[in-house]
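Below: the structure, in C-alpha cells.
The values are calculated or read from the model by the stated rules, or taken from the named source; none is laboratory data. In this text the structure is predicted, and so the values were computed from the model without any measurement. Note that each Cβ is placed from the backbone with ideal geometry, even for glycine, and that neighbours are counted across all protein chains shown.
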Amino acid sequence: MTRLAGKSGLAAVLAAAAPRTAAACAVCLGGQSELARQAFFGTTMLLTLLPLVLIGGLIWWLRRRAREVEEQARRAARREAVPLVSRASSSR
Amino acid sequence: MPAMGYGHIRVVAESRRQPLVPNGVMGMLIFVICEVMLFAGLISAFTILRSSALVWPPPGQPRLPLASTAFNTALLLASGALLAAAHRVFQRDRARARRPLRLAVLLGAGFVALQGVEWVRLIHQGLTLTSSTLGSFFYLIVGMHALHAVAALALLVYTVVRLQRGWLAQSQLATAEVFWYFVVILWPILYGVVYL
C-alpha cells in the first residue's frame, strides 16, 4: 500500500513536470503577448505596493506631526518658565 | 535669603491632550485610502483588458472626446487651486474665503455638468454599458469618479453654507478639502489611463 502510494506520488510529480508551460489561470487570456505580460506585472506591483505606500505615508506624516506638536509644547513651556530668584526678590 | 536655590519653576497649565489631526480629517484620510485602492483595482483591470485586446478601441465604438475632456480637466484642476487659495485666505480672514470657495464649487459643478453632457453624447453615438468592454469600463471607472465628485461637491456646498452662517471651523474645511483634492488629483490619472 505504501509502495503504491509512493509510486503514485512520484508519477504525479513527473506529470507536473511534463507540460512545457502552465497557465496560472485557466480562464484568462493574458500572457499571450509581451504587452499583456507587462500589464500583469505592472498592475501586480501597483496593487501590492500601493497599500504599503499609503499606510506608510500616513504613519510617517502622523509621526512628523507628533514631533511638531511636541516641539511647540516644549517651546511654550520654556516661554512660561518663571525664574525663582526674581520671584523671591520681588516678594521680599 | 531665598527659600530655595536658583532655578526655574515651570508654570505649565494642565493641558488637555489635543488630537494630532482633527477627527474629521483623519476619518476622511482613511476613507480616501480605501477609495484609492478601489480605483487602483479598477485601473488594473482596465489596463490588463486593454493590453490583452487584439484591437483597441473595439471596432465600431466611438472615440472618447479628448479635447473637451482636457478642458474639463483644466476646470477641475483650477477648482482645486481655488480651494487651496480659500484655505490660505481662511486662516487670515474667514469672510474673504467665501469668494474663492464659491468659485471652487462653481468650477467643480461645471466639471460634473460637462461630464454629463459628454456622457449623453457618447450614449447617442452608441457607447453604452453593454456595447463593448470599453463602454463597460468607461462608465464604471468614470462613473465612480463622478459619484465621488458629486459627493465631494455636496460636502463643499455644505462648507460654503456653514461659512456664510459663520459656523465653519478650520477642521471642517480641511475635511472637505481632503475629499476634493482626492477627486481633483485622481482625475488626470483616470484621463491618462482611460482616454489616452
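Only one of the listed residues (B:Ile43, B:Ile30) is part of a helix (DSSP H, G or I) and touching a residue at least 12 places away in the same chain (Cβ under 8 Å). That residue is B:Ile43. Of everything in region B:46-61 that is touching a Gly at 6+ places or on another chain (Cβ under 8 Å) and not in a helix (DSSP H, G or I), the residue that is surrounded by the fewest Cβ atoms within 10 Å (Cβ to Cβ) is B:Gly60.
Given the structure, is B:His145 within 17 Å of B:Thr73 (Cβ to Cβ) and not basic (Lys, Arg)? So B:His145 passes the test.
So which residues in region B:14-27 are modelled with pLDDT of 50 or more and not in a helix (DSSP H, G or I)? If you could, list the steps in order and put the result at the bottom.
Pass one, region B:14-27, residues modelled with pLDDT of 50 or more: B:15-27.
Across region B:14-27, the qualifying residues are B:Ser15, B:Arg16, B:Arg17, B:Gln18, B:Pro19, B:Leu20, B:Val21, B:Pro22.
Of all residues in region B:32-85, those that are away from chain A (no Cβ under 11 Å) and of a type in the set (D, E, K, R) total 1.
Look at B:Leu127 and say whether it is under 17 Å from B:Arg63 (Cα atoms), surrounded by 15 or more Cβ atoms within 10 Å (Cβ to Cβ) and touching a residue at least 60 places away in the same chain (Cβ under 8 Å). Break it down stepwise before answering.
Values: under 17 Å from B:Arg63 (Cα atoms): yes; surrounded by 15 or more Cβ atoms within 10 Å (Cβ to Cβ): yes; touching a residue at least 60 places away in the same chain (Cβ under 8 Å): yes.
For B:Leu127, the condition - under 17 Å from B:Arg63 (Cα atoms), surrounded by 15 or more Cβ atoms within 10 Å (Cβ to Cβ) and touching a residue at least 60 places away in the same chain (Cβ under 8 Å) - is met.
Please verify whether B:Pro62 is at pLDDT below 95 and either within 14 Å of the chain's Cα centre (by Cα) or under 28 Å from A:Leu46 (Cα atoms) (or both), treating the condition exactly as stated. So B:Pro62 does not fit the description; no.
Looking only at residues in region B:150-173 that are in contact (Cβ under 8 Å) with a residue 60 or more places away in the chain and buried (at least 17 other Cβ atoms within 10 Å of the Cβ), the one that is nearest to B:Ala84 (Cα to Cα) is B:Leu173.
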